[in-house]
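Structure first, commentary second.
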């Protein structure tokens, strides 16, 4: 793709930066006047025409101004922008906010999505970390009323799952505790599939509990088994690209519909290494819902233990440098937290 001259690279970079900032088509005269280029307006105009012919710029209407195309943004992100970092003062401020949140996972998730949304001025999402290998740790069975029993399942890594079990007839707390003690001794350290293949003699109560345990553990392996945290949707709706209701609704479907989000994350984020940032511009020909959007995504966590995803959604006219550096930095903080939590487990 590196088929541009140095002058063309400079002009493309300036057009993109100016358009990101002002959301108005950029003319050759503006580039010369605002950025003090040493080239004449005619020379810049010729280079803009060449960039348009190559598909990196486009002319939205009959005015002399140009705007970046999707290919232009991709070239900018992958070839021209280079590695970006948040300012040191911003990094310290964000790190201090997380330090004040203690080691409460839910507070970290909410803070992470808030930081992403505010720093990027776009919509943000963070998925709760899910265990890559779900291991049984502890079970409690608690009598409530009548035939209802509360099943509390604790997995390695601290994930706690609860659900109600309806029995054919009431059972005493003593009997429930006996069943829990036996199953804890049999299931400790096993995966859901290993528990499903356990052989032996189990009474009806134990069989019902084992069935629920296996179902819960299988669900925990799914990419989006936990909560998805979202923030900043109003930032997206304020952008001129989303002034039309249908365009905004189509873009936000990717955040709201769990099946779409799971498909996106499983095919992008969870095929990459932890800490790696991926940029999707205009849906990359795969996701029609993102036709008018860009997403910056990353995977965080500890491979083999637990990982999650975080990202930002905004218009294609996105401040890529700031957004990418924010996503990368927050992913690093969340990875550190996951490693700490599992070290204590």
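Values for this structure:
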| item | result |
| --- | --- |
| Geometric extent, Cα atoms of the range 193-289 - Rg, Dmax (angstrom) | 20.1, 65 |
| Spin-label pair residue 54/residue 260, simplified geometry with 7 Å Cα→Cβ offset, distance in nm | 3.4 nm |
| Residue exposure sequence - 7, 66 - by fewest surrounding Cβ within 10 Å | 7, 66 |
| FRET E, pair residue 90, residue 227, Förster distance 25 Å, beta-carbon r, rounded to 0.05 | 0.40 |
| Distance cut-off 15 Å, percentage of C-alpha pairs in the range 136-221 lying past it | 53 percent |
| Nearest 10 degrees, 0 to 90: helix 105-120 Cα axis against the chain principal axis | 10 degrees |
| Cut-off 17 Å, label 7 Å out along Cα→Cβ of residue 97, residues of the range 114-133 by amide N | 114-127 |
| Value of [θ]222 nm, deg cm²/dmol, for the chain, DSSP H segments ≥ 4, -39500 (n - 2.57) each, nearest 500 | -14500 deg cm²/dmol |
| Difference of contour (0.36 nm per residue) and Cα-Cα distance, residue 238 to residue 110 | 43.9 nm |
| Nearest-ten-degree value, helix 88-100 long axis tilted from longest Cα axis of the chain | 20 degrees |
| For the chain, alpha-carbon Rg relative to the globular expectation (2.2 N^0.38 Å, N residues) | 1.28 |
| Estimated inter-spin distance, residue 253 and residue 172, nm [label 7 Å along Cα→Cβ] | 5.8 nm |
| Förster radius 35 Å - calculated FRET efficiency between residue 118 and residue 34, Cβ distance, rounded to 0.05 | 0.80 |
| Distance between modelled label sites at residue 160 and residue 181, nm, 7 Å Cα→Cβ extension | 2.3 nm |
| Residues residue 21 and residue 64, FRET efficiency given R0 of 22 Å [Cβ-Cβ distance, rounded to 0.05] | 0.70 |
| Histogram of C-alpha separations across the range 6-69, 10 Å bin width, % | 24, 64, 12 |
| In degrees, nearest ten, helix 320-343 long axis to first principal axis of the chain (Cα) | 20 degrees |
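Bear in mind these aren't lab numbers, they're just calculated from the coordinates by the rules spelled out. Because the structure is a prediction, the values reported are computed rather than measured. All Cβ positions, even for glycine, are placed from backbone atoms using ideal geometry, and neighbour counts span all protein chains on display.
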